[in-house]
Every structure is written in C-alpha cells, then in structure tokens.
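Enquirer: Okay, here's the structure, questions in a sec.
The values are calculated or read from the model by the stated rules, or taken from the named source; none is laboratory data. All of these numbers come straight from a predicted model, not from anything done at the bench. No Cβ is skipped: glycine too gets one built from the backbone with ideal geometry, and neighbour counts run over all protein chains shown. In case anyone asks, the SASA skips ligands and DNA or RNA and just uses the protein heavy atoms, side chains included. Shrake-Rupley method; radii C 1.70, N 1.55, O 1.52, S 1.80 Å.
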Amino acid sequence: MKIRSAVPAGLLIAALLMTAACDKRRDAGRVVVSVIGRDLAIGDPSRATLGNAARVMMDATAQGLVRFDAGGQIEPGIAERWIVIDDGMSYIFRLRDAEWRNGEPVTAAEVVAVLRRQIAERSRNPLAPFLSAIGEIVEMTPEVIEVRLKRPRPDLLKLFAQPELAVFRTRPLGGSGPMHVVTMTRGTALLRPARDPSRSPDDVADPTPEDDVRLIGERAARAIARFAAGDSDLVSGGTFVDWPLIATASIAPINRKIDPAAGLFGLVVANRDGFLADVRSRTAISGALDRQSIVAAFVPEWTAVTQVLPEQLDSAAPPVVPGWTATAQDDRLRAANALVDTWRSTHPGPLVLRLALPDGPGATMLYGLIGASFGAMGIQLQRVDLGDETDLRLIDTVAPYDSARWYLATACAPCGQDATAAIAAARDAPDMTSRAQHLAEADIALDADAAYIPIARPLRWSLVATRLRQWEPNVRAWHPLNHLRATPN
C-alpha cells in the first residue's frame with residue numbers, strides 16, 4: 001500500500017503555467033477542443049474501459065443507433081427512426097444511409113455484430129451489467145434491426161446513446177461519424193464532418209475551416225493554460241479533481257460552465273471489518289460528515305446531498321431520506337464520538353481508516369476536508385491510491401441513464417445481503433410494477449445498511465468560448481463535438 005502525500009505538488013507547477021491573457025479568440029477558423037485525459041484514441045469498449053478522451057473520440061467518430069444532442073436528449077444516430085412495440089418488449093430501428101470511413105455502406109448485419117459483442121457476457125464494457133434485459137439483437141432486413149427484450153426497459157435508448165455502445169469497425173478501426181479523422185498524431189486529431197450519403201453532393205456546401213475540430217487530449221493544467229492564452233475554444237471533461245486549477249488562471253466567469261450532472265459522488269464502505277463492521281458506526285460516520293463544508297470549499301453551485309436517489313425515478317416510492325437528517329449536526333457528531341470512544345476502549349491506539357482517492361489537487365483538497373470532519377469524530381484518515389486496499393473508496397461518476405437501479409447497484413459496492421438481493425430482484429423483475437417495488441425495497445435496505453456515504457452529485461465543469469453558441473449544460477455532462485458551434489452544411 002502506498003500512502004499519498006497531502007501536498008498538492010502539481011498545483012505549484014500548474015500555477016507557473018497559468019498566465020493572465022486577453023481573449024484572442026475570433027469567431028472564425030476551426031474549433032480547438034482540449035479534453036482532459038491523455039488516452040486520445042479509438043478503443044474497443046468490449047476489451048477495455050474507455051477513458052475520458054477516448055470516449056469523446058469514440059462519440060465523435062463512431063455513433064451508435066442513437067446519440068445525445070447538445071442538451072443531453074436523444075437524437076438519431078445510425079438509426080434514423082425507431083418504434084417500440086409489444087408493450088415495450090421490442091425496439092425496432094430503421095437504419096439510415098451511412099458509410100464507413102472508406103466509403104463502404106454500413107449494413108444491419110455489421111451493426112448487429114458490433115452490438116452483440118458489446119453486450120456479451122464476457123465483454124468488459126461497463127454498461128454490459130445494465131443491459132441484461134436484452135434477449136436478442138437480430139437483423140430483420142438489410143436496413144432494419146430488432147432488439148428483443150426479456151424484460152421491459154423504457155430507459156434503453158439512453159444506454160444506446162453512450163459511447164460504449166458506438167458502432168465501429170475493428171479492421172480498419174473506425175466508425176460512421178458524425179465526424180471522421182483527417183489526421184492524427186500522438187495526443188491530437190483533426191476531425192471533419194463525415195459525408196452524408198443520403199444527400200446529393202450538389203446540395204452540400206463545401207466544407208469550411210469552421211466545420212473542423214482540432215481535438216487535443218491533455219492533462220488539465222495544460223488544457224486550462226491553453227484556454228487562458230486564447231489558443232482553444234473549449235476545455236471539456238473537468239471534475240472536482242482539477243477544479244482548484246482554474247483559480248490559478250485568468251478565466252472570465254462567462255467562460256466557466258458547470259453541468260447539473262446526475263450521478264453519485266460519495267464514499268463506498270469497501271471494508272466491512274473492524275470499526276466499519278457495525279452498521280451503527282457506518283451510520284454515525286455518514287451522519288456526522290460535514291458535507292456543507294466540503295462542497296462550499298469548492299464552488300457555491302455545488303450542493304450537498306444526504307440520499308442515494310436524486311428523485312423517485314422508476315422506484316415505487318420517493319427516495320429514502322436517512323433518519324439521522326432529523327437530528328442536529330452537533331448531536332450527530334457527539335454520537336459518532338461516543339462510538340469511537342467505545343471502540344477505542346477495547347482497541348487501544350488511534351482509530352485509522354484508509355480512504356482511496358484519485359490523484360490531483362482537488363482530491364488533495366477533498367482529503368483534507370474529509371480528514372478534518374473525520375478528525376472531529378476522533379478518526380484519523382489515511383490516503384491511499386484507488387487501486388490499493390482501503391476502508392473507504394470515493395465514487396465519482398455520472399449516471400448513464402435515469403434509473404434507480406443504476407444508482408443503487410453502483411452504490412452497492414459492496415452492500416448487505418438484503419440490499420443485494422433486492423437489486424438483483426429488480427434486475428430480473430418481469431414487469432415494471434414489480435421492478436419498481438423491488439427498487440423501493442433496495443433503497444430502504446441500502447439506507448439501513450449504510451454501505452454508501454453520499455456527499456454530493458458529481459461536479460463537472462467546462463471552459464467554453466462564447467463562439468460555441470450550441471454548447472449547453474445538461475444532466476449527462478456530455479457535449480458532442482458536432483454540437484458546439486453550428487450545424488455543418
């Protein structure tokens with residue numbers, strides 16, 4: 001186990017890179033986008049988890065059956081239209097005219113083969129566990145495919161819009177757009193809108209420089225410095241980890257954008273031994289944690305939460321609110337102190353809990369804030385890497401779709417037998433009514449088990465030049481490269 005230093009070494013280096021600069025951008029020329037992450041490539045989600053930069057590249061060059069628009073809503077992708085029949089048990093998609101990068105037409109057989117690979121039991125695709133309701137994907141005609149379900153899932157389209165379910169060829173690697181790679185070197189790519197084979201060349205204007213996107217995958221400090229110098233139009237993919245770096249640069253408030261992201265940001269109880277074996281201890285820690293101080297230290301728009309579900313969603317009942325919320329913060333702290341004192345009476349020495357966090361100045365800041373709150377409870381906190389053995393682990397992830405099952409299953413990592421069984425029952429429920437009931441039961445059981453300590457919703461930010469008039473904040477915190485400036489001709 002490697003214990004991490006609390007000193008934000010990268011912050012000092014990043015500050016040296018940040019210089020105040022006037023906005024040199026013009027409303028002309030290609031759009032330059034920095035995405036935070038250095039994995040800028042097209043990868044296979046069935047073989048490895050895509051990082052942030054790879055997800056952006058996949059979404060730009062290899063659309064799925066459907067995609068997200070600028071507002072996080074569903075729009076056509078390879079499928080031009082679709083219908084849902086048999087009481088939600090069958091989705092039929094009619095494919096539009098689309099072509100691969102080499103000009104060959106996209107066929108229904110190829111689409112079916114790719115999607116089957118992405119949802120296969122052995123797939124490493126992170127969405128595969130949430131696609132278990134799919135029974136079969138079949139080619140009905142050369143232009144039509146059907147997705148047959150074992151159980152109804154009204155939220156299926158939002159999953160198909162994720163980059164992890166993009167349709168792409170592995171040989172040669174690539175997709176059907178909406179953009180194609182013109183040139184690519186290490187860490188950067190020039191993208192241009194793909195040709196639409198359904199439109200006559202006479203009806204399509206010649207491409208202009210404004211249609212192109214130069215995509216750069218880089219660490220946050222360089223991305224922020226590039227934007228501050230006026231050399232890029234967008235920094236995308238920001239999280240709490242890198243938020244403190246913005247303060248070291250001269251960025252106008254109008255350019256700072258925060259998404260109302262839906263998802264989970266909190267602590268999973270990864271080790272249910274020792275002090276954390278007792279549900280009373282887990283509940284006391286969750287109740288005594290000073291959430292307001294944590295979120296307020298980052299940004300005023302960040303709101304603390306105390307429950308797992310943001311709203312009722314597809315559960316049969318409103319979200320469970322922990323019982324400790326009815327108790328004053330000082331009383332919760334005293335209760336936590338009492339439990340720690342009782343523990344130490346039979347376990348001499350300090351009570352130390354390990355907390356697994358990512359690297360970065362924001363994570364160091366979070367470590368200090370949580371450590372101060374735990375210190376008030378009489379608990380010492382020790383920072384470790386995300387891959388190390390730990391007692392508590394941070395979850396910071398945006399919800400890919402709007403279902404209580406995603407929230408509960410993601411927060412259950414691990415959780416007690418009752419919650420685990422209820423989540424599994426919801427997954428296998430034969431109808432939406434019984435599914436909703438099992439989800440409500442799982443919410444109750446997860447709260448009773450205190451397996452997850454909510455803090456807030458995910459903090460997602462971007463730096464956006466005013467020329468990108470189509471950019472919109474949205475709950476998916478997703479901003480497609482073909483919906484930034486103007487609709488290509």
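Enquirer: If we keep just the residues of the range 62-87 that are loosely packed, with under 14 Cβ neighbours inside 10 Å and among the aliphatic types (A, V, I, L, M), which is nearest to the chain's Cα centre (by Cα)?
Expert: The residue in question is ILE83.
Enquirer: Hey, ARG101 hits all of (1) in contact with a strand residue (DSSP E or B) (Cβ under 7 Å, 6 or more places away or on another chain); (2) open to solvent by less than 60 Å² (accessible area, probe 1.4 Å); (3) at pLDDT below 95 but one; which does it fall short on?
Expert: (2)
Enquirer: Can you work out which of the residues in the range 92-111 that are assigned to a loop (DSSP other than H, G, I, E, B) and among the charged types (D, E, K, R) is farthest from GLU139 (Cα to Cα)?
Expert: Step by step, filter the range 92-111, then rank; the result is ARG101.
Enquirer: Do we find that LEU215 is of a type outside the set (Gly, Ala, Ser), buried (at least 24 other Cβ atoms within 10 Å of the Cβ) and under 23 Å from TRP471 (Cβ atoms) in this structure?
Expert: Here the answer is yes, as LEU215 does meet what is asked.
Residues are listed down the side, and each one gets a yes or a no for (1) closer than 22 Å to LEU369 by Cα; (2) touching a strand residue (DSSP E or B) at 6+ places or on another chain (Cβ under 8 Å):
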| position | (1), (2) |
| --- | --- |
| ARG291 | yes, yes |
| ILE294 | yes, yes |
| PHE298 | yes, no |
| SER315 | no, no |
| PRO319 | no, no |
| ALA326 | no, no |
| ARG332 | yes, no |
| ALA335 | yes, no |
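Enquirer: Please work out which residue is modelled with the lowest pLDDT, limiting yourself to the range 178-203 and to residues that are of a type in the set (S, T, N, Q) and open to solvent by 70 Å² or more (accessible area, probe 1.4 Å).
Expert: Top of the filtered list is SER198.
Enquirer: Still on this structure, I have one more. For the range 429-438, does any single residue satisfy the condition of being aliphatic (A, V, I, L, M) and in contact with a helix residue (DSSP H, G or I) (Cβ under 7 Å, 6 or more places away or on another chain)?
Expert: Within the range 429-438, one or more residues are aliphatic (A, V, I, L, M) and in contact with a helix residue (DSSP H, G or I) (Cβ under 7 Å, 6 or more places away or on another chain).
Enquirer: Would you say ARG344 is assigned to a helix (DSSP H, G or I) and open to solvent by 50 Å² or more (accessible area, probe 1.4 Å)?
Expert: Taking the combined requirement at face value, the residue satisfies it.
Enquirer: Oh, and also: Looking at ASP259, ASP278, which one is open to solvent by 30 Å² or more (accessible area, probe 1.4 Å), at pLDDT 95 or above and either closer than 30 Å to CYS415 by Cβ or of a type in the set (A, V, I, L, M) (or both)?
Expert: The conditions single out ASP278.
Enquirer: Go through the range 31-51 and count every residue that is within 25 Å of GLU210 (Cα to Cα), among the β-branched types (Val, Ile, Thr) and open to solvent by 10 Å² or more (accessible area, probe 1.4 Å).
Expert: 3
Enquirer: For the range 357-372, check the following and say yes or no: at least one residue is more than 30 Å from THR248 (Cα to Cα) and open to solvent by less than 50 Å² (accessible area, probe 1.4 Å).
Expert: Looking through the range 357-372, none of the residues is more than 30 Å from THR248 (Cα to Cα) and open to solvent by less than 50 Å² (accessible area, probe 1.4 Å).
Enquirer: Go through the range 121-177 and tell me which strands (runs of 3 or more DSSP E), entirely inside it, have 2 or more residues that are out of contact with any Leu (no Cβ under 7 Å at 6 or more places or on another chain) and open to solvent by less than 30 Å² (accessible area, probe 1.4 Å).
Expert: Correct list: 144-149, 173-175.
Enquirer: Looking only at the range 147-163, filter to residues that are over 15 Å from ILE78 (Cα atoms) and at pLDDT 90 or above; which one of those is nearest to the chain's Cα centre (by Cα)?
Expert: Only one residue tops the list, namely LEU156.
Enquirer: Which members of the range 465-488 meet the condition of being among the polar types (S, T, N, Q) and either surrounded by fewer than 22 Cβ atoms within 10 Å (Cβ to Cβ) or part of a loop (DSSP other than H, G, I, E, B) (or both)?
Expert: Listed by number, the residues that qualify are THR466, GLN470, ASN474, THR487.
Enquirer: Let me ask another. If I go through the range 107-120 residue by residue, how many of them are open to solvent by 20 Å² or more (accessible area, probe 1.4 Å) and under 29 Å from the mean Cα position of the chain (by Cα)?
Expert: Total satisfying the criteria: 6.
Enquirer: Residues of the range 52-61 being closer than 20 Å to SER462 by Cα and crowded, with 19+ Cβ neighbours inside 10 Å, which ones?
Expert: Hits for the range 52-61 are ALA53, ALA54, ARG55, VAL56, MET57, MET58, ASP59, ALA60.
Enquirer: So ASP87 clears everything in (1) part of a loop (DSSP other than H, G, I, E, B); (2) modelled with pLDDT under 80 except one condition, right? Which one?
Expert: Failing condition for ASP87: (2).
Enquirer: Here are some conditions: (1) within 27 Å of SER132 (Cβ to Cβ); (2) surrounded by 22 or more Cβ atoms within 10 Å (Cβ to Cβ). ARG460 meets all but one. Which one does it not meet?
Expert: (1)
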